[in-house]
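A.B. asks: Here it is, the structure in full.
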Amino acid sequence: MTERETNAPTTEVAEAGPDDKTLRLAKVVGWTRYLVLAPVFGLFLSAVVLTGLAVVDLFGITVGVFGGSLELKKSLVAFIELADVFLLAVVLYIMSLGLYELFIDDRLPLPAWLEIHTLEDLKEKLVGVVVVVLAVFFLGNVIESRQPLDVLMLGGGIAAVIFALTYFIGRIQKK
């Protein structure tokens, strides 16, 4: 080595890494994602309870139909309303799964149509089920209603909501 090489200023910079305090803070912030387990379990429990209540109601309606105490039109409305309750339970279940997949672990063994990897995936799944719930709700009102104008206004309102949701999903898919 020459004298010039040994006296030359060092241009190498030691790699600056995060200090221990920053690492601890990052670890704590990373663990906060598990706070989502509260809504995950809450939504799942809600779905289970709602499904159980609907099954009990189904039993009562079935007994009424076969016992002859429930006429055809009322039984149709009861079964349609029951379908609405089951669909709402499915919405709660999908929300529970979606939050779990987004925040905790997205490697659940689920069918491809139920896999949720982004918030947009969850929104799309929920919008699809909400449209079906609205359609079932409208069908129940069509059978039960005696006022055509009320049915028309309800149908128009539901159509507007479905249009808005379809537009919303279309905008998400274009991004």
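A.B. asks: For a quick check of your reading of the filter: which GluC sites (Glu not before Pro) in the stretch 97-175 sit in a DSSP loop and have no more than 16 other Cβ atoms within 10 Å?
C.D. replies: Within the stretch 97-175, the qualifying GluC sites (Glu not before Pro) (loop, at most 16 other Cβ atoms within 10 Å) are GLU115.
A.B. asks: Straight distance only, please: which lysines reach the Cα of LYS123 with their own Cα at less than 21 Å, same-chain residues fewer than 8 apart left out?
C.D. replies: Reachable lysines: LYS174, LYS175.
A.B. asks: Decide, for the stretch 86-168, between rounded, prolate and oblate: order the square roots of the alpha carbon gyration tensor eigenvalues as a ≥ b ≥ c, take rounded if a/c falls under 1.5, and otherwise choose prolate if a/b is larger than b/c, else oblate.
C.D. replies: In terms of gyration-tensor shape, prolate.
A.B. asks: Sticking with this one: As an exercise, identify the chymotrypsin sites (Phe, Trp or Tyr not before Pro) in the stretch 113-175 lying in DSSP coil whose Cβ has no more than 16 other Cβ atoms within 10 Å.
C.D. replies: none
A.B. asks: In whole Hz, what ³J(HN,Hα) sequence does the stretch 155-171 give by Karplus (6.51, -1.76, 1.60; θ = phi - 60°), x for Gly and Pro?
C.D. replies: In residue order, the calculated couplings are x, x, x, 5, 4, 5, 5, 5, 4, 5, 5, 5, 4, 4, 5, x, 5 Hz.
A.B. asks: Candidates (i) 10.8; (ii) 9.5; (iii) 18.8; which is the computed mean projected area of the Cα convex hull in nm²?
C.D. replies: It is the value labelled (iii).
A.B. asks: Using helices alone, what [θ] at 222 nm do you get for the chain, with -39,500 (n - 2.57) per DSSP H run of 4 or more residues, divided over all residues and rounded to the nearest 500?
C.D. replies: -26500 deg cm²/dmol
A.B. asks: Further question: May I ask you to evaluate 6.51 cos²θ - 1.76 cosθ + 1.60, the Karplus curve with θ = phi - 60°, for each residue of the stretch 49-61 and list the ³J(HN,Hα) values in order in whole Hz, giving x for glycine and proline?
C.D. replies: Karplus-based 3J(HN,Hα) across the stretch 49-61 equals 5, 4, 5, x, 4, 5, 5, 4, 4, 4, 4, x, 5 Hz.
Laboratory data are not the source of any read-out in this text; all were calculated from the coordinates shown. Owing to the predicted nature of the structure, the values given are computational and were not obtained by experimental measurement. In this analysis, Cβ positions are derived from the backbone assuming ideal geometry, glycine residues included, and neighbour counts consider all displayed protein chains.
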